[in-house]
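K.L.:
One structure is given below, represented as C-alpha cells, and several questions about it will come after.
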Amino acid sequence: MNNARLNILDGFRCVAIVAVLFFHFYSKWTLPVPEENYLPGKNVFHTFAFEHGNLGVQFFFIISGFVIFFTLERSHSLIAFLIKRMIKLFPTMVICSLITYLLVPMLDPSLEYPNFHSNAIDFAPSLTFTPPSLWQRILHNPSIQYINGSYWSLWPEVVFYFVSAGTYFLNKEKFIRNWFVIIFAALLVNTVALAVNGWNLDVRPFLPGTRNHLYFSLGIIFYCLYNRRHVPTFSYLTLALLGVFTLMYSDTAQKIALVVMIGLFLLFIYKEEYLSFFKWRLFTSVGLVSYSLYLIHENIGVVLINKITDFTGVNFFIYVLPLLVSALFFAFSIILFNVYEKPVDKFLKTLFRKQLHPINKPVTSHTSAKEKVTAPAST
C-alpha cells in the first residue's frame, strides 16, 4: 500500500462502509417497513443492531472534509482540483452503474424486486451526480431515479466540492474564515425560511446539502487541528450553531454517532497510538476500495441474498449469508480496483497531466512536517 496514505483514515472508511453494508443487508429492506420487506425471513430478519448503520455515510462526509482540504492545498487551480475529483469519481461510477443496470435483471428476470430495476434514463442522474428530481422536472418523467439508491450521497459531496473549491481559490489564505462565513449566511437564511414555513424541514435550503455540511465542516476543522493550524473563534461558534441546526430534529442514535465520530477523530489527531488497530491490513484494504464497494453493493446484494435463500430456505444460514455476500463484494472491489480503477486513474492523469501539473507552476501548500510523511487518500 502507498506509504503516502494515512492508513487510519482507510480504517475509518472501513468502519463506515461496513456500517452501510450491514444496514442494507440486515435492516433497511425489512420490517418495520413492510412494503420494503425484500430480505428473506419475511418479518423475522430485521436486526436492531444495524438499523442505524446508514450513519456511516455521515462518517464518510467527515473524512471527505478532511481529505478535500488536503487535496485543495495540493491543486494549483480550480480546474486541476475538479479534474482530480472527476478522475476519482466518474470512471468507477460508470462501471458500477453499468454492472448494476445489467446484472439485476439477470438475477431477477421475474421482477420480484421492481425497486431494484433501472431504466436507461436513470444513468442521467447517476453519471452526473445530480438529484433525480432535477431530471424529473427537465424531462417531465417522474419515474427517473438513481441506478442505485445509495448514489444519493454523491450529490452532497459534489456540492461540497464546488462550494469549498470556489471558496478556497477565491482566497486561499482566508479559506477557513470565508467557508464559515458562507455556512453562517446559509444557516441564517435557512433558519428564517424554516420559521416562515412553520419549521417544515422540507423547505428548500439556501445552500443545498446544508445539514450535511456539519460533517464536511467538522472534517475541515479536524484537518486544521491535525496540522496545528489556527482556527478563528468565529469558526467554532458557527460550527456549534450548525450542529444545533443539523441535530434539531435528529434522533438519539444520530447524536450518539456524532459524538463517537468526533471522539475517533480527536483520538486520531492527539492520541494516534490508541487507534493503531485501524492500520491493520484488513481494515485498510476494505477502506481502500470503499468507494466501489459503496456503489455496487445494495441492489445486487439484496437480490442476491434473496435468490440464494430461495435454494437454502429460511434458516439460521440467512443471518450468515449477508456476511458472505459482503465478502464477495469486497473481493470484487479489490479486483475492480486493481484491474480497472488503477489503470484508468493512471491513464487519465497522463491524459490531463498538463492541467494537473503545468510547467513552471508547482503546486504550493502550507505543508507541515507531519503532512510530509503522511498524505490522506482521495475519497
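The values are calculated or read from the model by the stated rules, or taken from the named source; none is laboratory data. Nothing here was measured: the structure is a model prediction, and the numbers come from that model. Note: ideal-geometry Cβ built from the backbone for every residue, glycine included; neighbour counts use all protein chains shown.
K.L.:
From the list Ser143, Ser150, which residue is hydroxyl-bearing (Ser, Thr, Tyr) and touching a Leu at 6+ places or on another chain (Cβ under 9 Å)?
P.N.:
Ser150
K.L.:
For the stretch 231-246, state whether one or more residues are of a type in the set (A, V, I, L, M) and in contact with a Cys (Cβ under 8 Å, 6 or more places away or on another chain).
P.N.:
yes
K.L.:
Here is a further query. Of the conditions (1) at pLDDT below 95; (2) buried (at least 21 other Cβ atoms within 10 Å of the Cβ); (3) among the β-branched types (Val, Ile, Thr); (4) not in a helix (DSSP H, G or I), Ile183 satisfies every one except a single condition; which number is it?
P.N.:
Against the list (1) at pLDDT below 95; (2) buried (at least 21 other Cβ atoms within 10 Å of the Cβ); (3) among the β-branched types (Val, Ile, Thr); (4) not in a helix (DSSP H, G or I), Ile183 comes up short only on (4).
K.L.:
Answer yes or no as to whether Phe317 is surrounded by 13 or more Cβ atoms within 10 Å (Cβ to Cβ), closer than 27 Å to Ile62 by Cβ, at pLDDT 75 or above and among the aromatic types (Phe, Trp, Tyr). Before the answer, list the steps.
P.N.:
On the way: surrounded by 13 or more Cβ atoms within 10 Å (Cβ to Cβ): yes; closer than 27 Å to Ile62 by Cβ: no; at pLDDT 75 or above: yes; among the aromatic types (Phe, Trp, Tyr): yes.
Considered against the rule, which asks whether it is surrounded by 13 or more Cβ atoms within 10 Å (Cβ to Cβ), closer than 27 Å to Ile62 by Cβ, at pLDDT 75 or above and among the aromatic types (Phe, Trp, Tyr), Phe317 comes out as no.
K.L.:
Looking at Trp155, Trp135, which is the one that is in contact (Cβ under 8 Å) with a residue 24 or more places away in the chain, touching a Pro at 6+ places or on another chain (Cβ under 6 Å) and in a helix (DSSP H, G or I)? Full working, then the answer.
P.N.:
Details: Trp135 fails: in contact (Cβ under 8 Å) with a residue 24 or more places away in the chain.
Just a single option satisfies the conditions, and that option is Trp155.
K.L.:
Answer with yes or no whether Phe283 is buried (at least 19 other Cβ atoms within 10 Å of the Cβ) and at pLDDT 90 or above.
P.N.:
yes
Residue by residue, here is whether (1) under 26 Å from Leu225 (Cβ atoms); (2) surrounded by fewer than 20 Cβ atoms within 10 Å (Cβ to Cβ); (3) touching a residue at least 60 places away in the same chain (Cβ under 8 Å) holds:
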site	(1), (2), (3)
Leu72	yes, no, yes
His76	yes, yes, yes
Val94	no, yes, no
Met106	no, yes, no
Asp122	no, no, no
Asn141	no, yes, no
Gly149	no, yes, yes
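K.L.:
With (1) more than 28 Å from Ile176 (Cα to Cα); (2) surrounded by fewer than 22 Cβ atoms within 10 Å (Cβ to Cβ) as the list, and Ser290 as the residue in question, which single condition is left unmet?
P.N.:
Failed condition: (2).
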